[in-house]
Structure formats: structure tokens, C-alpha cells
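Following: one structure in C-alpha cells, then a few remarks.
Throughout, read-outs are computed from the coordinates displayed, never taken from laboratory work. Computed from a prediction, not measured in an experiment: that's the story for all the values here. Neighbour counts run over all protein chains shown; Cβ positions are idealised from the backbone, glycine included.
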Amino acid sequence: MKLHTRAGFTLVELILAMGLFSLLLVGLLQLLDTTAELWRDVEVDRERTEIGTALVMRLEHDLSTLEAGIEGDVWADWATIDADGDELAGLSVPRLRFVRRASAREVARLAAELDLGEPEGEEDEETSLLTPASGELSDPSLEGWKRVDRGLCEVVWALVPADAQPFRGRLIRAVRLLDDDSKMSLFDERLFSASGRPVPGIFEPLSDDVLWMDMAFAGQVTQTRADARWDVGPRPADGARAWDGWDRQRLSLERSELNVGPEALPQPDETPNLPRRVRVRFEVETPQDRLRRPTLLSGIEHDATVFDVSDGARLPAVGRHVLIGEEWMEVRAVNGDRINVLRGQRGTLTQAHNADTPLFFGWVVEVEVPIGVAREDWGL
């Protein structure tokens, strides 16, 4: 009698096949996860670049048209605001105000905002409404057009807390015709409340993703290092984080320790002292960044410099800064989920912080603008 064997797989072969398939599946899933993570990082970088580039291009345009005549001015100072709603002001924020000359397109837009209409008999947009001999208006009824024709504007950039908790920085900007008496001057102290809130209806929001804005100004005696950079510090050869173009004692150390103006500047005579270069850094945080913030694993006291966080892999590199509550800290070292910091940076005070408090940090974008008001700037 002849026996017939049935073709098939043994139990051992099935187990081995399933094991190999599982290993291949795990490897494929890891590859997909890595690819998705890389894609998310690329999207975050793209979003950061778009936000940062838009901000620096607009600020560079404003600063490049500073008015250098007798009606010019630059006032850059720092204020301390209550950002976390605890009724204690502890976070330093910058306010940059200056006078600039508007372009022809901006003049036309400002004229439309004043609702002045088109002047009768005016056909050539390049023709001034002022008579060449006296500088007076050929038609006294067009007083508003005289203001617009001058093209001088006040501009202010400021960082304020957005209406959200936890803290989110809102970068705002406002423009006003220099001679427009119908609006509050942007150099008026009442432009911001004691809590740091701006007067409503004046500003346009530029971004709600800015954690920090760092200003720096180089003067006549600021020296350039070998790497074509200049430092910010207390020496005459250093730059400064604050500026008072007319030396009107507008920089108050009571408001912030960052309000130290440049050293060795001459007194203004008939024109303001403008900086030779302006450098501004924005630290932006995208919505994707906000989803990946680490938090404190336990509360820390005001003198703690080493503590643990929920995810050390999310921390920024050494030398960068993190914001906890209203206190900026510089990252000195990272070991796993443990971080070593330098407390009370960027004009803030050391504070105690509770467990689960998030650590804020962003991506830095920088612009440096030369102010072409002196012959030495052009090498002539």
C-alpha cells in the first residue's frame, strides 16, 4: 500500500515566517515614523522661515529709511510687563520708535486714510503742492495735503503679551503721520498702559509667534571685531540695547536694567544722534513648536540651577534661552532630561516655578541694517 504525504508548512515554519514578517513590519513602521518626523521638522522649519523672513524684511525696510534731519528721532527702550497675569511685572519687552520717510506709495495710502480726496487741478503726482519760492501751499484749503506731501512718519515696533495664557508674545506695529494732530503721537508715554497693553485701535498685529525681540545699536565709536561683528556691553567700544536720539533722558533704569544707552556719544545739536547700525533678533515659536514643549517635572526654587524636565530631547542647544513663567534662563548644559541653566537672564528676575510649568523657546532670526547717514558708512 502506497502512502501519500500532504504538502504544506509545519508549525515551526509558520512561526518563523510570522516572526520575519513582524520584523519587516516593525522596520517599515519605524521607517515611516522617521520619514513622518523628518517631514514634520521640514514643515516646522519652513513655517519658522516664513514668519521670520516676513518680519525682518519689513523691519529692514522701516529702518533703512530713517529720517536724519532735524525732525528725525530714534527712541528704543525696554519696559517691564506682567505677562503671566499674577499682577507682578517681571518680563522685559522692547519698544522701538523712530521717524522715517515714507515712499510715494505710502504717501498715497496715508492720504487716502486721511480722506482728503484728490486736490483739484492736480494732474502730475510728482508735482509738489508747495510753491517753490515760499514753501507755502498754493491752495490754503489743502492743509492736509501739505502734511502728507512731507512724507515723514512716526513708526513704533513693540512686543506685548497676547490675550492668551500661558504667555504668547504679540509683535505689533503702528504708523502715524508726523504732523497728524488727530492721532496720539507714537512717542507719547500714554501709548502703553502700566501693564504693557497698547492703546487699542492704533496698532496692527504682525505676529503672535514672537517670544523675544532683542535690539542692539552701534554708535560712532562702536568697534567691529575681526569677524565683522560688534558686541553689546558697557564699554564705549560696545553697542547698546537702548537709544535716545535727542538725549532727553527717556531711558529709565527703574523700568528695566536693559535701558543703558550707548557710551561716548556727542550731544545732539540740530539733528538727532542716530545709530550707525541696528541689529534686531526675533525668537519665534510656531504652533508646531508649542505642541512639543517640555515641562518641569517638579517645582524649582529661585536659586535652583539644575532641574529635570519631561523631555530633554526637546530642549534647545547650549547657549540658547528658555522662558519659564516670566524668567528667561540660559541653557548651560543638557544631560538626558536634566538641564543646567543660568538664571535671571534678559532683564528678568529669578522666581520660583511650579511643577508642569512649560518651557518656552523658539527659533532665532536676525537682521542687521546699516543706517546711511554718515560719509564713513559709505567709505567716502
Leading residue at positive end of dipole, segment 294-359 (Cβ point charges), from Gly319, His302, Thr357: Gly319
Extension gain from Glu50 to Glu87, taking 0.36 nm per residue of separation minus the Cα-Cα distance: 9.9 nm
Förster radius 56 Å - calculated FRET efficiency between Arg225 and Leu23, Cβ distance, rounded to 0.05: 0.50
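Going by average Cβ neighbours within 10 Å, how do the peptides 303-313, 275-285 rank, with the highest at the top? Before the final figure, lay out the partial values.
On the way: 303-313: 14.1, 275-285: 22.3.
The peptides rank, most packed first, as 275-285, 303-313.
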Dipole of segment 165-288, positive direction: furthest Cα of Val199, Gly245, Met213, with charges on the beta-carbon: Met213
Spin-label zone in segment 262-285 - amide nitrogen under 16 Å from a point set 7 Å from the Cα of Glu60 along the C-beta vector: 277-282
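Please report, in debye to the nearest 20, how large the charge dipole of segment 294-359 is about its Cα centre when each Lys and Arg carries +1 at its beta carbon and each Asp and Glu carries -1 there. Don't jump to the answer; show the numbers that get you there.
On the way: 6 positive and 9 negative charges, 57 e Å.
The calculated dipole for segment 294-359 is roughly 280 debye.
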Rg to Rh, two decimals, where segment 294-359 supplies the alpha carbon set and Rh follows Kirkwood: 0.90
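Multiply the residue gap between Trp246 and Ala68 by 0.36 nm, knock off their C-alpha separation, and tell me the result in nm, one decimal place. Write down the numbers at each step before the final one.
On the way: separation 178, 0.36 × 178 = 64.08 nm, distance 1.19 nm.
Value of the extension gain: 62.9 nm.
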